[in-house]
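Take a look at the structure set out below.
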Protein chains: 2
Amino acid sequence: MEKKEFPQNQVDLYQQIKWNGWGDTRKFLHQVKPEGFVALTTPSVSAQPLPSLKGFIKKELSLPTDDPNKPFELEETPSLRIEDIKIHAPKQYPEFVKELKAFFSADQLKDDKLARITHTFGKSIRDLIRVRIGLIKYAPDLIVLPHSHEEVEKLVQLAQKWNVVIIPMGGGSNIVGAIEPVSDDRFTVSIDMRRMNKVLWVDRKEMTACIQVGVMGPHLEEQLNKQGVSLGHDPDSFEFSTLGGWLATCSSGHQSDKYGDIEDMAVSFRTVTPTGTLELRNGARAGAGINYKHIILGSEGTLGIITEAVMKVHAVPQAAEYYGFLFPSFNHAVAALQQIRSSEIIPTMIRIYDPEETALSFASKPSKGPIAEFMSAAVKKYLHYVRSFDFKSVCLSIIGFEGPKKVVDFHRNSVFDILSKNGAFGLGSAPGKTWAEKRYDLPYIRDFLLDHNMWVDVAETTVSYTNLVPLWKEAKQAFQQHFRSQGIPSWICAHISHTYSNGVCLYFIFASKQNSDKDMKQYIEAKGLMTDIILKYGGALSHHHAVGYEHVPWMTRYVSKGWIQVYRKLKETFDPKDICNPRKLIPTIKEENNQ
Amino acid sequence: MEKKEFPQNQVDLYQQIKWNGWGDTRKFLHQVKPEGFVALTTPSVSAQPLPSLKGFIKKELSLPTDDPNKPFELEETPSLRIEDIKIHAPKQYPEFVKELKAFFSADQLKDDKLARITHTFGKSIRDLIRVRIGLIKYAPDLIVLPHSHEEVEKLVQLAQKWNVVIIPMGGGSNIVGAIEPVSDDRFTVSIDMRRMNKVLWVDRKEMTACIQVGVMGPHLEEQLNKQGVSLGHDPDSFEFSTLGGWLATCSSGHQSDKYGDIEDMAVSFRTVTPTGTLELRNGARAGAGINYKHIILGSEGTLGIITEAVMKVHAVPQAAEYYGFLFPSFNHAVAALQQIRSSEIIPTMIRIYDPEETALSFASKPSKGPIAEFMSAAVKKYLHYVRSFDFKSVCLSIIGFEGPKKVVDFHRNSVFDILSKNGAFGLGSAPGKTWAEKRYDLPYIRDFLLDHNMWVDVAETTVSYTNLVPLWKEAKQAFQQHFRSQGIPSWICAHISHTYSNGVCLYFIFASKQNSDKDMKQYIEAKGLMTDIILKYGGALSHHHAVGYEHVPWMTRYVSKGWIQVYRKLKETFDPKDICNPRKLIPTIKEENNQ
Ligand SMILES: Cc1cc2nc3c(=O)[nH]c(=O)nc-3n(C[C@H](O)[C@H](O)[C@H](O)COP(=O)(O)OP(=O)(O)OC[C@H]3O[C@@H](n4cnc5c(N)ncnc54)[C@H](O)[C@@H]3O)c2cc1C
Ligand SMILES: Cc1cc2nc3c(=O)[nH]c(=O)nc-3n(C[C@H](O)[C@H](O)[C@H](O)COP(=O)(O)OP(=O)(O)OC[C@H]3O[C@@H](n4cnc5c(N)ncnc54)[C@H](O)[C@@H]3O)c2cc1C
């Protein structure tokens, strides 16, 4: 195997992504002093004011004991600087590393502090709280950056030979502790897949593309779009997650109602396991035995490393239209949604924000620029409109249509009809445009809140239409009550996204004061509370955030003991030494007995 | 566990289905003497003439040595009568049977000749040839007819305890040798699921239904339709196959382009395995680990017995319209199909017959009755139309639309537009109606051919758009050449059904004189020839006929050695004693080494 050099001038992606927060290092929220308003800085715009955000935070998260006459101050709780973080020295394993070096060039092997920290954590609130205070128990000892399927094969063979733990990493955007080493008994390698980022071929007749799975969202679409096609997978984390991560976690994108979830798009892939490489037959649906692709989809790096995937693609849509609507209440919106589903004319995307998330959505808009101009009209309509509604119950909805112009026209007309029959008030395409342009901004707020003694987390599930509203109500109430009874200001909202004939994804966002919560008591309590309620209503343990380490305690209850045992056998088959991302996805027998 | 009695007056389904042929004992083709034309008798119509069929057979399957001036006679090669069939006595296993009798009433246990013969064979040509001449190597020793999930659990526990082979049977309609015992080293029970035939509940909000999987197609739809819903799964074998069989074989119905294949409809099911019952979570799509339902789908009774399933259903469609079209050639039809797929407005069904199957289709129509009246107009158009086309290349197509009226209108208009741009000639709805009414008749021809010294078999696959026409051409040529070079008259045709973004199901039907082929040399040669060509073109080993016993020799080549090994581990996990339908689906290690 010939060594391939990485272009000297190229910077690895992990060096361009915040090590202690979300996304692009050049994009963040901050306070502009002395005025004290919150602003967003991006690579192209510096300090764009978000004029309503601070007031919103004050209203929702200030302590009841705060003096309303004193100006509202955000406490500063900055992250440590990377220089100040201490991290255990990498373990040494000269025999293994020597053999590795025969196949990998020096620039493919990293063990500096930045590399190790960025390959320890995902982006869950638990991760961010820990990394910001430098609480790093186990970091990988070495990061390897392969360039090809063959290199991954070599790496896995050596890891198997030398009993080295391997943890595949895509964008590291998971929020379930999926890529973190959970013990230090063995030498641990993080496999950073992001140099494997090429679209290998596009077949316009079959509408499929073969793709190296380390590619991140924007770079993937750029390559596909050049050939007139698109994958159409657009999760909130699109900019900083990879195809491999999507496949390994059963990810879902905004337009899943039209293009499907990632498993619907996946035709076939190559998986390197410690017991050998598994190829899947490329081709359309077959009925000749079980469909093996589903054993790898959702396996979260515990069975092996996916290297290349054949994916269904579609023509870049001729038309893409997104519209905003206001509903008098969440119940009105849910009724409309069900009527749309039974009309069989389903939009590309239906997002419904509950009243609290509607308020957040309006509060986090920028004040100027073209978006703001469009928005101001919508906000005005909103403000006017809600006067005749009950302000507290109004719900924003974003509904999108993509495809050939003719299809979009037909769908839009049919859906608009149902919406207006259900009391929805059209805001036109401005909120839709804003949504499309700003949809990747929201996660940056989390870092800002952490900088100011607050935390925010999310929980999501798939729930039946019958249990949707009851779960929504009970979870919000229980969360509020839990924190309020302790005198801690807290806030919770929810939205519906991803709809199915037999249920929807319901997504909660919740925040509170962090106070002295360095031990993550609040996080642990909120997580337990929300997950228990979700399972009580028959909801999925996750609609798209996967299992990782953080959801393991609920996994047996969720999938049943029988299936966990089946999974253990699969694991033994693929990975008899348990070197692939150990202790993720399912509990150990000991953990299970303790549950 | 309380014993439930089976209603005294009820006749088990296996007693009402031909033991030595396809379908309803009261429905068959036969010659009407002295005129000698072929006619169809059904429970409601006796001896309806199919005036063109005999001429068609003469044209396609008479020997070149036949004197064209002598009247064409069909040789009589009748099946044995059941009285004349010899079958080995059932093995005795008093300890096991004694325990069984504690839980099952006498009428649930059968070992008479009819029961044993009907539970040995599926409906493949290999099965029919053998059963008609009484070539029965291994028949099950006992047939058990459970009434409930709990009874199946009890039965499987006892089988596991006493090391008894269990073979679940639905309709027995498979054509791959899937339910046949393949050795006599152990006591063998066939589990006839057909008394478990109730729809347990329908949830109109989630559009799901919970169903006992032994139910056959018509009875299932009858129960669902009463509640305003439909499963929409309509294989050619609909009348004589069960939901359990569909799930276990990854079946596909006519309207799969709209309603999906069986795996798309299946939400969740209960599976009784020798190591315990596996439940699946009911609910919409989730992304929390691997999707276990896909381990059971397509497992063909080798991992356990599916007892109850939650399935997606849809409203009984407001409109259902089926139309006939003629294309100047197969290439024209394929071009239109691809344009329809890329328009994103996909009909509920697109069937395209090649010229040979088009001719068969017109030749097998009845001469009178309301259908014939509709048809005669179509035939006239056909005859007229082909004058300006090349008669030899014209292709019939049946295209259907189902759903709300509004959707059907939109789809029809868009699709008709593409069809006419591609030179298709509309025959109106008459051929569509005929297709809908007569779609279950075709398999009855096979018995008639066997009665007259001819055989007919089928082969089907999923193939890419790129390889579709080349495979179609090569398979037909190779088949014809193979038989013609031996001086045996033979005939082959094909149609396209079930379309996907990245390929279609291509389905061949082929026939020849049987001559003295009692040793099935012709069958074996044709099977090998067709399967090898299919795999050569990257086709699936089967789109919907599954694997069973007959496809095992190609299975490793098809799914790869690695995945076969994974399957062996799964099998060990679920069924450590190998009591569930042994030697099906994958080769033994010995078989694999011999391949
Ligand atoms: C702000 C934010 C928004 C999000 N929004 C969404 C959303 O809308 N939809 C959604 O689905 N998810 C969302 N997520 C979750 C996350 O982005 C997804 O789980 C995503 O699929 C992870 O991809 P990744 O490349 O970042 O994988 P990583 O986080 O690097 O890894 C995730 C898991 O996949 C495994 N893995 C990665 N690559 C491979 C490979 N090549 N082979 C085998 N295993 C591999 C890892 O070992 C790990 O177990 C969001 C996360 C954040 C922080
Ligand atoms: C004329 C004809 C037309 C056909 N057309 C189609 C078609 O259009 N589409 C299509 O998909 N197929 C078709 N087939 C094939 C066949 O009908 C399907 O494979 C069907 O799904 C078999 O269902 P069944 O109930 O008859 O199962 P069986 O033949 O009884 O069994 C098939 C397999 O499933 C297993 N099985 C059955 N029930 C259970 C259960 N409850 N739990 C676990 N395993 C079980 C059996 O052990 C066996 O391995 C056709 C067959 C014929 C003869």
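What follows draws every value from the coordinates through simple rules; no lab data is involved. Bear in mind the structure is a predicted one, so any value in this text is a computation, not a measurement. Positions of Cβ are backbone-derived with ideal geometry, glycine not excepted, and every protein chain shown enters the neighbour counts.
Averaged over the residues of B:559-571, the number of partner chain Cβ atoms lying within 10 Å of the residue Cβ comes to 5. When only the Cβ of Lys, Arg, Asp and Glu is charged (+1, +1, -1, -1), the dipole of chain A relative to its Cα centre reaches about 460 debye. What's the angle, to the nearest 10 degrees (0 to 90), between helix B:405-421's Cα axis and the longest principal axis of chain B? Compared with the principal axis, the helix lies near 50 degrees. The Cα center of segment B:288-336 and the Cα center of segment B:542-595 differ in position by 24 Å.
Dividing the mean sequence gap of close Cα pairs (under 8 Å, 6+ apart) by how many residues segment A:443-533 holds gives a relative contact order of 37 percent. Computed from phi, the 3J(HN,Hα) profile of segment A:520-527 under the Karplus parametrisation 6.51, -1.76, 1.60 (θ = phi - 60°) reads 6, 4, 4, 4, 4, 5, 5, 4 Hz, with x in place of Gly and Pro. Around the Cα centre of segment B:225-290, unit charges on the Cβ atoms of Lys, Arg, Asp and Glu (plus for the first two, minus for the last two) sum to a dipole of about 360 debye.
Counted residue by residue at 0.36 nm each, then reduced by the alpha carbon distance between them, the extension gain from residue B:114 to residue B:59 reaches 16.0 nm.
Placing unit charges on the Cβ atoms of the charged side chains and taking the dipole of segment B:457-595 about its Cα centre, the candidate lying farthest along the positive direction among B:478, B:552, B:509 is B:552.
Inter-copy label distances at residue A:568, shortest first and taken from points set 7 Å along Cα to Cβ: 2.3 nm.
Between B:497, B:278, B:105, the Cα set farthest toward the positive side of the dipole of chain B (charges on each charged residue's Cβ, about the Cα centre) is that of B:497. For the pair segment A:72-91 and segment B:57-89, the centres of their Cα atoms are 88 angstrom apart. Closest approach of any chain B Cβ to the axis that rotates B onto A belongs to B:294, 2, distance given in whole Å. Where a ≥ b ≥ c are the square roots of the eigenvalues of the C-alpha gyration tensor, would you call segment B:554-594 rounded, which needs a/c under 1.5, or, failing that, prolate if a/b is larger than b/c, or oblate? Verdict is prolate for segment B:554-594. Projecting the Cα atoms of A:303, A:30, A:459 onto the charge dipole of chain A, computed from C-beta unit charges around the Cα centre, puts A:459 farthest toward the positive end.
Near residue A:432, once Lys and Arg are set to +1 and Asp and Glu to -1 for all other residues with Cβ below 13 Å from its Cβ, the sum equals +2. Only beta bridges with both residues in chain B are counted; by DSSP, about 90 percent of them are antiparallel.
Mean per-residue shielding of peptide B:458-471 is 2, counting Cβ atoms of other chains within 10 Å of each Cβ.
Near residue A:457, within a Cβ-to-Cβ distance under 10 Å, what is the net charge of the other residues, with Lys and Arg +1 and Asp and Glu -1? Net charge around residue A:457: +3.
For segment B:283-356, the list of GluC sites (Glu not before Pro) that fall in a loop by DSSP and count at most 11 other C-beta atoms within 10 angstrom is empty.
Please compute the net charge surrounding residue A:291, taking Lys and Arg as +1 and Asp and Glu as -1 over other residues with Cβ under 9 Å from its Cβ. Local charge sum for residue A:291: +1.
With a 10 Å cut-off around each Cβ of B:273-280, the average count of Cβ atoms from other chains is 3.
Placing a label point 7 Å from Cα along the Cα-to-Cβ axis, residue A:228 is separated from the same position in the other copies by 4.5 nm, shortest listed first.
Sorted shortest first, the separations between the residue B:33 label point and its copies elsewhere in the assembly read 11.0 nm; each point sits 7 Å from Cα along the Cα-to-Cβ line. Estimated from helical segments only, the mean residue ellipticity of the protein assembly as shown at 222 nm is -10500 deg cm²/dmol, where each DSSP H run of four or more residues counts as -39500 (n - 2.57). For segment B:104-243, the gyration tensor built on C-alpha atoms gives an oblate shape. Its axis ratio a/c (a ≥ b ≥ c) is at least 1.5, and a/b is not larger than b/c.
In chain A, the longest principal axis of the Cα atoms and the axis of helix A:465-484 are about 90 degrees apart. If you average the alpha carbon positions of segment A:430-450 and of segment B:176-192, how far apart do those two centres end up, in angstrom? Distance between centres, Cα-based: 61 Å.
Net charge dipole, the protein assembly as shown: roughly 620 debye, given to the nearest 20, about the Cα centre with Cβ charges of +1 for Lys and Arg and -1 for Asp and Glu.
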